[in-house]
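Have a look at the structure below, then the notes.
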Amino acid sequence: DTAVSQTPKYLVTQMGNDKSIKCEQNLGHDTMYWYKQDSKKFLKIMFSYNNKELIINETVPNRFSPKSPDKAHLNLHINSLELGDSAVYFCASEGGSYEQYFGPGTRLTVT
Amino acid sequence: DQQVKQNSPSLSVQEGRISILNCDYTNSMFDYFLWYKKYPAEGPTFLISISSIKDKNEDGRFTVFLNKSAKHLSLHIVPSQPGDSAVYFCAASKETSGSRLTFGEGTQLTVNP
């Protein structure tokens with residue numbers, strides 16, 4: 001059983017399009033995250049939700065909007081995609097022990 | 001401002017020898033530190049952690065050392081195995097920010113047979 005899953009794994013799209021990435025965790029954790037790994041390989045937190053409530057919102061363009069329909073799901077919607085949005089996006093979940101469990105990542109390529 | 005730094009982008013060691021990966025941090029408020037391992041095309045996986053009240057934590061072949069005065073931690077892998085070849089990320093957290101993790105930029109470890 002995959003603990004944290006993301007779909008799709010690869011996403012190629014053109015500038016200006018709107019796309020979504022889905023994340024699901026079956027660990028029963030209350031907290032979920034979205035991270036962006038850029039070309040320099042830094043993992044940077046974007047958002048965090050605890051039990052469907054937004055608790056961390058880093059300096060991320062308004063074009064990025066997370067949505068948590070329930071505590072097992074955290075989706076990321078991106079409007080008006082730009083070339084600079086190309087990166088690997090990781091979802092993660094955490095159950096209160098600092099240890100975060102990551103999904104396999106979604107490689108987004110904007111052309 | 002990069003608060004967690006891994007100054008060695010890569011490290012190559014022979015199988016059976018010790019691998020030492022280093023990490024420095026600047027924020028003295030960090031009180032919990034973690035190491036993650038990442039294989040290509042996969043997400044990072046948790047490896048080992050240490051609280052700031054300790055200076056050493058050991059789990060099998062993996063040991064993490066923390067030197068708070070120097071704001072430095074290291075991960076020792078003994079003996080190193082080819083399957084340990086991966087990118088290793090250091091991460092830090094502070095209780096006042098909940099479970100938010102600040103990651104270093106990673107070190108690519110290659111263990112040669």
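Since every read-out is calculated from the coordinates, none of them should be taken as a lab result. Worth saying up front: this structure is predicted, and the values here are computed from it rather than measured. Note that each Cβ is placed from the backbone with ideal geometry, even for glycine, and that neighbours are counted across all protein chains shown.
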For the stretch B:17-101, rounded, prolate or oblate, judged on the Cα gyration tensor with a ≥ b ≥ c (square roots of eigenvalues), a/c < 1.5 rounded, else prolate if a/b > b/c? oblate
Going down the table (A:K71/B:K37; B:K5/B:K68; A:K9/A:K71; A:K40/B:K5), which pairs top 24 Å between alpha carbons? A:K71/B:K37
Evaluate the relative contact order of the stretch B:62-113 (contact order divided by residue number), counting alpha-carbon pairs under 8 angstrom at least 6 apart; express in whole percent. 32
³J(HN,Hα) computed for each position of the stretch B:62-78 - Karplus, 6.51 cos²θ - 1.76 cosθ + 1.60, integer Hz, glycine/proline x: 10, 9, 10, 10, 10, 10, 5, 5, 8, 6, 9, 9, 9, 10, 10, 10, 9
Once you mark the GluC sites (Glu not before Pro) that are in a DSSP loop and have at most 14 other Cβ atoms within 10 Å, what is the longest gap between them in chain A? A:1-57
From the square roots a ≥ b ≥ c of the eigenvalues of the alpha-carbon gyration tensor of the protein assembly as shown, which class results: rounded (a/c under 1.5), prolate (a/b over b/c), or oblate? prolate
Expected integer from the mean partner chain Cβ neighbour count at 10 Å over B:38-47 is 5
Rank B:V78, B:L109, B:F65 by how far each Cα sits towards the positive end of the charge dipole of the stretch B:58-113 (+1 on Lys, Arg Cβ; -1 on Asp, Glu Cβ) and give me just the farthest. B:F65
Would you work out the relative contact order for chain B, in percent, from Cα pairs under 8 angstrom that are 6 or more residues apart? 37
Charges at C-beta only: +1 for Lys and Arg, -1 for Asp and Glu. How large is the resulting dipole of the protein assembly as shown about its Cα centre, in Debye rounded to 20? 280
I need to check one value: relative contact order of chain A, counting alpha carbon pairs closer than 8 Å and at least 6 residues apart, in percent. 37
